[in-house]
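Working notes, structure below.
The values are calculated or read from the model by the stated rules, or taken from the named source; none is laboratory data. Nothing here was measured: the structure is a model prediction, and the numbers come from that model. Ideal geometry is used to build each Cβ from the backbone, glycine not excepted, and the neighbour counts take in all protein chains shown. SASA here: full protein model, heavy atoms, side chains in, ligands and nucleic acids out. Shrake-Rupley method; radii C 1.70, N 1.55, O 1.52, S 1.80 Å.
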Amino acid sequence: MNIMVVGSGGREHTICWKLAQSSSVEKIFVVPGNGGTANESKCVNVNPKDCDYIKEGENPYVAIAKHENCRLAVIGPEDPLAAGIADEFWNASIPCVGPKKAAAQLEASKDLSKNFMKKYGVACAASETFVNKDAAIEYVKKQGAPIVIKADGLAAGKGVVVAATEEEAIKAICDLMDNGKVGDAGKKLVIEEYLEGVEISVLAAVSVTPEFALSGNAVIKSFQPARDHKRLLDGAKGPNTGGMGAVSPLDDVSLETMDQFNKDILTPTLNGLIKEKFDYRGFIFFGVMLTKNGPKLLEYNVRLGDPETQAVLPLMDFDFASMCIAITNGSLKDFNLKWKKGYQVAPVVVSGGYPEAYKKGCKITFNEALLKESTAKIFIAGAVSGRRGEDDLLTSGGRVLASSAFGETFKEAWEKAYKGISAVKFEDAFYRKDIGLPGAAESGKL
């Protein structure tokens, strides 16, 4: 079958790579894709601007899927989901992996998300929502610091401030509400309790519709836990980024902790999706803080995480395309998730200057012999094909690529991943050297 994948980042490259391993997949049309998917097996990048068959007013993604006879669409990023792209695919009778618009608001609106958590008893931080700056500042003065300030809407990872002092919190409120730091996303703020602990990410497959609920087939199946490293510098220091690397599974997360996560977070979330009559057939990301009082939910994302995807999907010992089909047709409940016995480490290489201003258009070179020796897989995020052909890659984003490697032990995986990084060169390349090591984890302790 032919499949469409929507997106252009490292997550989408990883999704395409995993889908291509399925014998049932003939071609993957990636819209728009990147320099990695341009060279990936079975993949074809498609730019809607080059498709003269798209009619005026027609959804370009749906038009391309129809033209290429795609029997499934997989949506990578959150923006098109929040805009209702899944609804349009289903309306065109093309099964889609990604929640419909109503359910996608669990990420698009922090306020809606927190109300959902409270309504259905999901363990989470206490919070209040504000549309008035003065009221928000007064609340911060009353609560004290540390405290967390969140823009309500989608803000490309730039709408959350963990404030160590009241002054920092008030500045964040003014930046978001007055100064338009994240545009309209900051007109409403969610201010929440600061939680102490260590963060983990739990990705999961979701298959929920009112019909599946009636038949007893509504389900959320979690993947192995992972950990993203968001700070730019070693030791979890420096500014926040979109993610400097990930590792999975986690030796510091016990079966008992995961059982409590299922009881206090996953099961109430499933119950809420059912009771709200959401059509949620896709993936969900649980951002979780492990506190002394158990796991607490920080946020939902309505898609796979990046770079967690680059560490989790390579560990899947099952057919990813078949699981995607099971998500859409209600058979996920009986689908067996098997995992390779070992570890995956995926450090990210970024452009110098990131997460602030950075240079683009730097040529990426690979030492193919060293890369082969490392056994690492390079997943491209911010790079495009150069003018001289698809083998000529140029940097185009802040986060450029991830080097993802498997090992039977964490040490083996770590060494292979960093050997993979040593095989890749471009001007001002930068990466953390401690992904997955003690002291590298993001924590809720200032």
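When THR365, THR309 are screened for being surrounded by fewer than 21 Cβ atoms within 10 Å (Cβ to Cβ) and touching a residue at least 40 places away in the same chain (Cβ under 8 Å), only THR365 passes.
Looking at the stretch 236-306, the strands (runs of 3 or more DSSP E) lying wholly inside it that each contain 1 or more residues that are in contact (Cβ under 8 Å) with a residue 12 or more places away in the chain, open to solvent by less than 10 Å² (accessible area, probe 1.4 Å) and of a type in the set (A, V, I, L, M, F, W, C) sit at 245-248, 280-291, 294-301. On the given criteria, is LEU371 part of a helix (DSSP H, G or I), touching a Gly at 6+ places or on another chain (Cβ under 9 Å) and in contact (Cβ under 8 Å) with a residue 24 or more places away in the chain? Taking the combined requirement at face value, the residue satisfies it. For the stretch 354-399, a tally of residues being out of contact with any helix residue (DSSP H, G or I) (no Cβ under 9 Å at 6 or more places or on another chain) and aliphatic (A, V, I, L, M) returns 5.
Check the stretch 104-119 and report whether any residue there is more than 28 Å from ASN293 (Cα to Cα), in contact with a Phe, Trp or Tyr (Cβ under 9 Å, 6 or more places away or on another chain) and touching a residue at least 40 places away in the same chain (Cβ under 8 Å). Checked the stretch 104-119: at least one residue is more than 28 Å from ASN293 (Cα to Cα), in contact with a Phe, Trp or Tyr (Cβ under 9 Å, 6 or more places away or on another chain) and touching a residue at least 40 places away in the same chain (Cβ under 8 Å).
Residue by residue, here is whether (1) of a type outside the set (A, V, I, L, M); (2) surrounded by fewer than 19 Cβ atoms within 10 Å (Cβ to Cβ); (3) at pLDDT below 95 holds:
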residue	(1), (2), (3)
VAL74	no, no, no
ILE85	no, no, no
SER93	yes, yes, no
CYS96	yes, no, no
ALA103	no, no, no
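Just give me the residues in the stretch 141-153 being farther than 18 Å from LYS110 by Cα and either crowded, with 21+ Cβ neighbours inside 10 Å or within 29 Å of the chain's Cα centre (by Cα) (or both), in sequence order. The answer is ALA145, PRO146. The set of residues from the stretch 178-195 being open to solvent by less than 40 Å² (accessible area, probe 1.4 Å) and assigned to a helix (DSSP H, G or I) comprises GLY183, ALA185, GLY186. For the stretch 120-140, give me each residue that is surrounded by 19 or more Cβ atoms within 10 Å (Cβ to Cβ) and assigned to a helix (DSSP H, G or I). The answer is ALA136, VAL140. Taking first residues from the stretch 176-190 that are closer than 15 Å to ASP111 by Cα and among the basic types (Lys, Arg) and partners that are open to solvent by less than 30 Å² (accessible area, probe 1.4 Å) and not in a loop (DSSP other than H, G, I, E, B), the Cβ contacts under 9 Å between residues at least 6 apart in sequence or on separate chains come to LYS187/ALA151; LYS187/LEU176; LYS188/ASP111; LYS188/PHE130; LYS188/ALA151. Looking only at the stretch 46-95, residues that are free of Cβ contacts under 8 Å to residues at least 40 places away in the same chain, of a type in the set (S, T, N, Q) and not in a helix (DSSP H, G or I) come to 3 in all. Residues that are open to solvent by 10 Å² or more (accessible area, probe 1.4 Å) and either at pLDDT 90 or above or within 11 Å of ILE147 (Cβ to Cβ) (or both) within the stretch 160-174 comprise VAL161, VAL162, ALA164, THR165, GLU166, GLU167, GLU168, ILE170, LYS171, CYS174, listed in sequence order. With respect to PRO60, determine if the residue is open to solvent by less than 50 Å² (accessible area, probe 1.4 Å), touching a helix residue (DSSP H, G or I) at 6+ places or on another chain (Cβ under 9 Å) and not hydroxyl-bearing (Ser, Thr, Tyr). So PRO60 passes the test. Within the stretch 109-119, the only residue that satisfies the criterion of being hydroxyl-bearing (Ser, Thr, Tyr) and part of a helix (DSSP H, G or I) is SER113. Step by step: first the residues of the stretch 369-384, then only those that are surrounded by 21 or more Cβ atoms within 10 Å (Cβ to Cβ) and of a type in the set (A, V, I, L, M), then the one that is nearest to the chain's Cα centre (by Cα). Which residue is that? Here the answer is ALA381.
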